[in-house]
Amino acid sequence: MPSDAELYRALPSVDEALSQLGEMSEPRALARDEVRAALDEMRAEIRAGQGLTGPTAVERARVRLEAWRRPSLRGVVNAAGVILHTNLGRAPLSAAAVEAIARTAGRYSNLEYDLATGRRGRRDVHAGVLLERILGAPAIVVNNNATAIYLVLHELGAGGETIVSRGELIEIGDGFRIPEILERSGTKLREVGATNKTRLDDYEGAISASTKLLLRVHPSNFRIEGFTGRPDLAELARLAAAHDLPLVEDLGSGSLWDLREQGVADEPPVSASLTAGVSLATFSGDKLLGGPQAGIIAGDAALVERVRRNPLFRAFRTDKVIYAALEATLRELLLERYDEIPTLRMARMSVEAIDARAGALAERIGAEVVDGESLLGGGSTPAQTLPTRLVRLRPEGVSAAAVERRLRAGDPAVIVRVADDAVLLDPRTVFPDQDEALSAAVLAALAGAASQSR
Ligand SMILES: *Cc1c(COP(=O)(O)O)cnc(C)c1O
């Protein structure tokens with residue numbers, strides 16, 4: 001056994017290791033840092049009594065340099081069957097949206113330049129025209145729906161009270177809570193009704209000289225069952241109008257298409273809210289709309305313009321990339337090319353079509369096909385499921401959890417569900433051109449897990 005002192009002496013100097021690395025495309029300073037880090041790592045191993053058993057300093061430095069070339073944000077295969085998976089980037093963009101980004105993002109564009117007059121233009125126009133055509137009302141775009149709500153409350157509610165039903169004081173996720181957002185925006189929360197039931201009278205009784213607006217929030221990710229109720233939206237809009245107050249609705253997902261054919265009942269289209277008399281509706285761009293991350297504020301022209309003039313609008317504005325993708329997505333919607341938008345195509349996919357792909361996949365990987373459910377997801381409509389066909393794999397000799405881990409560590413990473421010690425794959429959220437890669441990944445994960453357990 002060599003002594004620690006001998007082991008330390010056996011380590012190359014930084015310059016020796018650098019020269020052993022040879023010609024590199026990486027900057028020399030970066031290589032030097034990684035060589036140093038590799039040597040630190042080895043000294044720590046010696047200190048921990050592990051000796052010098054691992055890779056050499058040069059090998060370690062190469063691995064470290066290589067890691068800088070690997071993107072942190074990368075594509076994954078979503079076989080979990082959650083269409084709008086917030087952790088997996090919500091809505092995958094349509095080919096037209098991706099193409100619009102590619103066409104404009106790497107070059108100059110007319111983002112804020114009016115080509116007709118040669119003067120400064122407004123970035124709003126790019127998505128604004130299409131939004132107005134689709135919604136029948138003017139609209140502006142900010143970073144996401146959370147910002148949209150904040151901005152609207154800041155403009156319309158600051159210095160007074162905002163009336164909200166106790167059943168709608170929700171947390172959307174990641175700490176975004178309606179009561180806290182209200183407070184931060186400078187408006188005072190006036191809660192009305194009970195958790196499960198709020199009547200029109202409750203709103204009416206709370207209206208005072210300091211009331212600035214009525215806020216309605218889509219309950220999104222939770223549901224109250226049983227003895228429940230809240231006023232009809234049109235009723236509430238009439239009450240607000242009678243008191244000359246705006247009614248703002250946070251729609252959450254904000255569908256621009258009718259989901260009822262898919263059996264989704266609690267996501268009424270945005271236009272329905274505006275028709276019912278909502279003054280301003282806010283919703284996300286990357287949920288049921290199927291576009292990029294954005295928050296859209298639509299409704300009464302004078303109120304939209306007021307919100308637009310709030311100085312925070314400038315702070316919350318979105319990038320050209322977003323406008324390019326949003327405009328392209330909205331154009332597909334206007335032209336009713338629904339299947340061009342991945343989110344919509346997945347939601348509309350027939351069980352028969354899924355079954356055919358599930359069958360082929362199951363055959364390749366030695367699994368069976370069973371009935372199951374896909375989720376719409378996106379912090380919306382939690383109970384909203386779509387019937388699907390799942391590939392159920394019960395691996396032999398290894399646990400489903402071990403296979404799941406291997407799939408997640410693979411390239412591409414594959415995200416699956418695990419239930420009752422079976423791996424479940426839902427073809428609905430897998431792009432057809434990923435089917436081959438998916439079966440190859442599963443076979444590799446099975447082989448890897450089996451060899452490790454031996
Ligand atoms: C998702 C959601 C939000 C937040 O939208 P983001 O676009 O993610 O900021 C706000 N309100 C409701 C009701 C939601 O469902």
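The values are calculated or read from the model by the stated rules, or taken from the named source; none is laboratory data. This is a predicted model, so every value here is computed, not measured. As a convention, Cβ positions derive from the backbone with ideal geometry for all residues, glycine included, and neighbour counts pool all protein chains shown. For accessibility, only protein heavy atoms count, side chains too; no ligands or nucleic acids. Shrake-Rupley method; radii C 1.70, N 1.55, O 1.52, S 1.80 Å.
Observations
- Here Arg317 meets the list (1) open to solvent by 60 Å² or more (accessible area, probe 1.4 Å); (2) away from the ligand (no atom under 16 Å from the Cβ); (3) not aliphatic (A, V, I, L, M) almost entirely, failing just condition (2).
- Sole residue being modelled with pLDDT of 95 or more, open to solvent by 60 Å² or more (accessible area, probe 1.4 Å) and under 19 Å from the mean Cα position of the chain (by Cα), chosen from Arg345, Arg306: Arg345
- In the range 123-137, of all residues being at pLDDT 95 or above and either open to solvent by 60 Å² or more (accessible area, probe 1.4 Å) or more than 24 Å from Tyr338 (Cβ to Cβ) (or both), the one that is nearest to the ligand (Cβ to nearest atom) corresponds to Glu132.
- Scanning the range 156-207 for residues that are over 30 Å from the mean Cα position of the chain (by Cα), of a type in the set (Ser, Thr, Tyr) and open to solvent by 30 Å² or more (accessible area, probe 1.4 Å) yields a count of 0.
- Residues located in the range 43-73, provided they are out of contact with any Pro (no Cβ under 7 Å at 6 or more places or on another chain) and closer than 16 Å to Arg32 by Cα: Thr56, Val58, Glu59, Arg60, Ala61, Arg62, Val63, Arg64, Leu65, Glu66, Ala67, Trp68
- Cβ pairs under 6 Å, 6+ apart, first in the range 277-298 and under 11 Å from Arg90 (Cα atoms), second more than 12 Å from the ligand (Cβ to nearest atom) and part of a loop (DSSP other than H, G, I, E, B): Leu289/Leu256; Gly290/Ile341
- Within the range 237-250, the set of residues being farther than 24 Å from Phe176 by Cα and free of Cβ contacts under 8 Å to residues at least 40 places away in the same chain comprises Arg238, Leu239, Ala240, Ala241, Ala242, His243, Asp244, Leu245.
- Residues (surrounded by 14 or more Cβ atoms within 10 Å (Cβ to Cβ) and more than 27 Å from Pro2 (Cα to Cα)) located in the range 31-67: Ala31, Arg32, Asp33, Arg64, Leu65
- Residue list for the range 419-442, restricted to those being of a type in the set (A, V, I, L, M, F, W, C), more than 25 Å from Ser72 (Cα to Cα) and surrounded by fewer than 17 Cβ atoms within 10 Å (Cβ to Cβ): Ala419
- Scanning the range 208-223 for residues that are touching a Gly at 6+ places or on another chain (Cβ under 6 Å) and loosely packed, with under 14 Cβ neighbours inside 10 Å gives a single hit, Ser210.
- Among the candidates Arg69, Arg103, Arg74, residue that is without any contact (Cβ under 8 Å) to a residue 40 or more places away in the chain and out of contact with any Cys (no Cβ under 8 Å at 6 or more places or on another chain): Arg69
- Among the criteria (1) touching a helix residue (DSSP H, G or I) at 6+ places or on another chain (Cβ under 9 Å); (2) open to solvent by less than 50 Å² (accessible area, probe 1.4 Å); (3) within 16 Å of the ligand (Cβ to nearest atom), the one Tyr150 does not fulfil is (2).
- Apart from one condition, Glu327 fits all of (1) free of Cβ contacts under 8 Å to residues at least 12 places away in the same chain; (2) assigned to a helix (DSSP H, G or I); (3) not hydroxyl-bearing (Ser, Thr, Tyr); the exception is (1).
- The range 234-254, residues that are open to solvent by 30 Å² or more (accessible area, probe 1.4 Å) and either within 16 Å of the ligand (Cβ to nearest atom) or of a type outside the set (Lys, Arg) (or both): Glu235, Ala241, Ala242, His243, Asp244
- Qualifying residue in the range 191-208 (condition: assigned to a loop (DSSP other than H, G, I, E, B) and in contact (Cβ under 8 Å) with a residue 40 or more places away in the chain): yes
- Scanning the range 89-113 for residues that are open to solvent by less than 60 Å² (accessible area, probe 1.4 Å) and of a type outside the set (S, T, N, Q) returns Gly89, Arg90, Ala91, Pro92, Leu93, Ala96, Ala97, Ala100, Ile101, Ala105, Leu111, Glu112.
- The range 261-290: number of residues that are hydrophobic (A, V, I, L, M, F, W, C) and away from the ligand (no atom under 12 Å from the Cβ): 8
- Per this entry, Gly277 is counted among residues that are within 13 Å of Gly299 (Cβ to Cβ), open to solvent by 30 Å² or more (accessible area, probe 1.4 Å) and either at pLDDT below 95 or in contact with a helix residue (DSSP H, G or I) (Cβ under 7 Å, 6 or more places away or on another chain) (or both).
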